[in-house]
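Reviewing the structure listed below.
Nothing in this text is a laboratory measurement; each read-out follows from the coordinates by a stated rule. All of these numbers come straight from a predicted model, not from anything done at the bench. Because the Cβ atoms are built from the backbone with ideal geometry, glycine has one as well, and the counts that use them run over all protein chains shown.
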Amino acid sequence: MSLRVRARAPRAASVSGAITEHHRVELPAAVEGLRLDQALARVLSQYSRNLIKQWMDAGQVTRHGAVLKPRTTARGGDIIEVIATLDATGELAPQAVDFSLAHVDEHVIVIDKPVGLVVHPGAGNPDHTLVNGLLARFPELAALPRAGLVHRIDKDTSGLLVAARTPQAFQSLVRALARRDIHRHYLAVVNGVMVAGGTIEAAIARDPQQRTRMRVMPGGREAVTHYRVAERYRAHTLLEVELETGRTHQIRVHLSWRGYPLVGDSRYGGRPHLPPGATEDLRATLQHFPRQALHAWRLAFTHPVDNTELEFESAPPADFEHLLEVLQADVEAHGQRDA
């Protein structure tokens, strides 16, 4: 059952260096019995559960005027008021960081992120992130949450991201992402030969035993991944993947769970697959590929101000191209694809 939000349109404002949106949501029957913070994270999927808990602790989530706590039990049909506050980026240091721009106008920035660049400062990565670099190039982004970034990709995933330059554009793009109107397409090389494409619908949550990992498990957040076969090799497959939702590590977790982990993914991937008679070049490339073989190659969305349809593509980086070349050379050398 799809989750339902019946509400007046959210009212948005920029107040005291923060962006605030007011949501009035009706909880669907599908979340009956869950903790309320978990239920709201499913319904208002553009926000993280941790962020919703912060608002609840601050008294910003109410039912008929009564403040609700994270452990409150969700009831289908309840009308919940949420004051969603997104703080400005604040005092992060502007720093020179190397990345390319695919598009810039007065409202929107499209970034082409290189491999190895962390998107946002965090534990172990306090600075020299994409956010620091954006603040150096566009100082006005300090007034926006996350320096205007609407979504993220992992450190070792390359490719396209969109950021807003104004509060109005940020609000519009965040809503578009929540409506699934921002289309994010990836190229992925997986271990194993896939017969056909498909869709993976499996909830994802943080692994309770290993907190740095995500896993498919009941009670997690809805996660939907579409994929199609672009090319088959003897023991690998090149996929075109489209995200319908955007959970942490979603593509990596879903494909590993399906039995086709990404090449080079040390967290979810296991040992590399070597086809019989693999050349030394292929063997070395697969055994030493330094990251998950994942590239955000196409991004499409409606411009938040002039409503034009925008679409961008990013060529895969050199290591990804080399991987494809040696896989193809292996096929040509052996004249077959192993099942």
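Points to keep in mind about this one:
- Whole-Hz ³J(HN,Hα) from phi, Karplus 6.51 cos²θ - 1.76 cosθ + 1.60, for the range 124-133, glycine and proline x: x, 9, x, 7, 6, 9, 4, 4, 4, x
- Modelled spin-label separation between R137 and Q209, with each label point placed 7 Å from Cα along the Cα-to-Cβ direction: 4.2 nm.
- Between A93 and V195, the simple spin-label model (points 7 angstrom out along Cα→Cβ) gives 5.6 nm.
- Extension reserve of the T302-I79 stretch, reckoned as 0.36 nm per residue once the Cα distance is removed: 77.2 nm
- Spin-label pair L274-A333: with each label point 7 Å from Cα along the Cα-Cβ axis, the two points sit 1.2 nm from one another.
- Once the chain from H103 to H120 is taken as fully extended at 0.36 nm per residue, the excess over their C-alpha distance is 4.1 nm.
- Residues M217, M194 arranged by fewest to most Cβ contacts within 10 Å: M217, M194
- Close amide-amide hydrogen proximity is noted between L149 and A164, each under 5 Å apart and 5 or more residues distant or on a separate chain (H modeled in the peptide plane; Pro and chain starts excluded).
- Label point at E244 placed 7 Å out along Cα→Cβ; residues across the range 168-197 whose backbone nitrogen lies under 19 Å: 176-187, 196-197
- Potential extension, A315-A178 segment - 0.36 nm per residue separation minus Cα distance: 46.6 nm
- Relative intensity of the range 100-178 on a log10 scale, I(q)/I(0) at q = 0.12, 0.18, 0.19 Å⁻¹, equals -0.30, -0.68, -0.76, per a Debye sum over C-alpha point scatterers of equal strength in the absence of solvent.
- Taking Cα atoms only, the orientation of helix 167-178 departs from the longest principal axis of the chain by about 60 degrees.
- Residues whose amide H comes within less than 5 Å of that of G159, counting only those at least five positions distant or on another chain, are K113, A296 (H built at 1.01 Å from N in the peptide plane).
- Taking only Cα atoms of the range 11-87, radius of gyration then Dmax in Å: 11.7, 37
- Of the beta bridges in the range 100-178, as assigned by DSSP with both residues counted there, near 100 percent are antiparallel.
- Ellipsoid semi-axes for the chain, based on the Cα gyration tensor and the rule √(5λ), read 37, 24, 17 Å when sorted largest first.
- Residue (of T62, T72, P28) at the positive-pole extreme of the range 11-87, dipole from beta-carbon charges: T72
- Note, ³J(HN,Hα) from phi for the range 44-61, Karplus 6.51, -1.76, 1.60, rounded to Hz, x at Gly and Pro: 9, 5, 6, 10, 7, 5, 4, 5, 5, 4, 4, 5, 5, 5, 8, x, 9, 10
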